[in-house]
Amino acid sequence: MREEADQVNLETDRGGMRARRLIACAGLFAGRVAKWCGIEDDFKIVPFRGEYYRLGCEKNKIVNHLIYPVPDPALPFLGVHLTRMIDGCVTVGPNAVLSLKREGYSRFAFSAADSLETLTYPGFWRVMRQNLRSGSDELLNSLFKTRYLAQCRKYCPELRASDLHDYRPASVRRPSCGTARWSTIF
């Protein structure tokens, strides 16, 4: 890709093309696409996995509306919330656990290249230092269902561990780790 004042020139293995503007919907790969295009950026994509549970059908009436924690602007993520879905079921989550693979939807997904990119980025370590407690809590909540349940019970005290059922594969979210602060993008 080569940018000019009034157009963008693209060269692909299928030939070239020109356009006045280019919109790249690259998601988790936005930073890499920008780099491939010669665009210097001041951010890196650091992937986080969001895990969900769903309440058993007998608990669907427990939540009639969205239940969200009051956001803490000092933290990069919102926290666990309960959401009544269009089909009537209630989901609980997500949490936010560092993913060691850009598209690492399973708990043990790993990519050496993705991990190295994250772990060698100074901005990642700055944010980790600033959020060590909440980051540790998120990891422990992922590993121990009873800890995750404790977060849910802040909003619905009658919930039990048996009410939380695994729900769909985890999603991978991408807060962009910039020079100033993180902004969560879904």
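The values are calculated or read from the model by the stated rules, or taken from the named source; none is laboratory data. Just so it is clear, the structure is predicted and the values come from calculations on it, not from any experiment. Glycine gets a Cβ as well: all are built from the backbone with ideal geometry, and neighbour counts include every protein chain shown. The accessibility values were calculated without ligands, DNA or RNA, using every heavy atom of the protein model including side chains. Shrake-Rupley method; radii C 1.70, N 1.55, O 1.52, S 1.80 Å.
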Taking a straight Cα-to-Cα line shorter than 22 Å from Lys35, and setting aside same-chain lysines fewer than 8 residues away, one finds Lys44, Lys101
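One-quarter of the Cα convex hull surface for the stretch 99-177, in nm²? Could the numbers behind the result be given before it?
On the way: hull surface 24.5 nm².
For the stretch 99-177, the mean projected area of the Cα convex hull comes to 6.1 nm².
Between Phe29 and Lys145, what is 0.36 nm times their sequence separation minus the Cα-Cα distance? Round to one decimal in nm.
On the way: separation 116, 0.36 × 116 = 41.76 nm, distance 3.11 nm.
Between Phe29 and Lys145, full extension yields 38.6 nm more.
How large, in percent, is the carbon and sulfur part of the accessible surface of the chain at a probe radius of 1.4 Å?
Numbers: 6660 of 11790 Å².
C and S fraction of accessible area: 57 percent.
If you take every DSSP beta bridge fully contained in the stretch 36-186, what fraction is antiparallel? Give it as a percent rounded to 5.
On the way: 20 of 21 bridges.
Of all bridge pairs located within the stretch 36-186, approximately 95 percent are antiparallel.
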The set of residues whose placed amide H lies less than 5 Å from the amide H of Arg49, leaving out same-chain residues fewer than 5 positions away, is Val97, Leu98, Ser99, Arg173
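Please identify the GluC sites (Glu not before Pro) of the stretch 1-87 that satisfy two criteria: DSSP loop assignment and at most 15 other Cβ atoms within 10 Å. Which are they? The partial results should precede the final answer.
Details: sites: Glu3, Glu4, Glu11, Glu40, Glu51, Glu58; in loops: Glu4, Glu40.
Loop-located and lightly packed - Glu4, Glu40.
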Compute the distance in nm between two label points, each set 7 Å from the Cα along the Cα-to-Cβ direction, one at Leu119 and one at Tyr68.
-> 3.5 nm
Give me the lysines in straight-line cross-link reach of Lys154: C-alpha distance below 22 Å, same-chain residues under 8 apart excluded.
-> Lys59, Lys61, Lys145
Pair Asp137, Glu11: separation of 7 Å Cα→Cβ label points (nm) = 5.2 nm
With no solvent and one equal point scatterer placed on each C-alpha of the stretch 46-109, evaluate the Debye formula and give log10 I(q)/I(0) for q = 0.19, 0.22 Å⁻¹, two decimals.
-> -0.80, -0.92
Could you list log10 I(q)/I(0) for the stretch 31-186 at q = 0.15, 0.17, 0.20 Å⁻¹, which the Debye formula gives when each Cα is one point scatterer?
-> -0.83, -1.01, -1.28
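Mind putting a number on the dipole of the chain about its Cα centre? Charges go on the C-beta only, +1 for Lys and Arg and -1 for Asp and Glu, and I need it in Debye to the nearest 20. The partial results should precede the final answer.
Values: 28 positive and 20 negative charges, 87 e Å.
Roughly 420 debye for the chain.
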Checking Val33, Val46, Val97 against a Gaussian network model of the chain (alpha-carbon springs below 10 Å), the top fluctuating residue turns out to be Val33
Volume per residue that the Cα convex hull of the stretch 1-54 spans, once the total is divided by residue count, Å³ = 130 Å³
Accessible area per residue in Å² at 1.4 Å probe, computed on the chain = 63 Å²
Phi-based couplings in Hz for the stretch 143-156 (Karplus 6.51, -1.76, 1.60; Gly and Pro marked x) = 7, 10, 4, 5, 5, 4, 4, 4, 5, 5, 6, 4, 9, 9
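Based on the Cβ-Cβ distance of Glu4 and Arg126, what FRET efficiency does E = 1/(1 + (r/R0)^6) give at R0 = 35 Å, to the nearest 0.05? Write out the running numbers ahead of the final one.
Working: r = 36 Å, r/R0 = 1.03.
Between Glu4 and Arg126 the formula returns 0.45.
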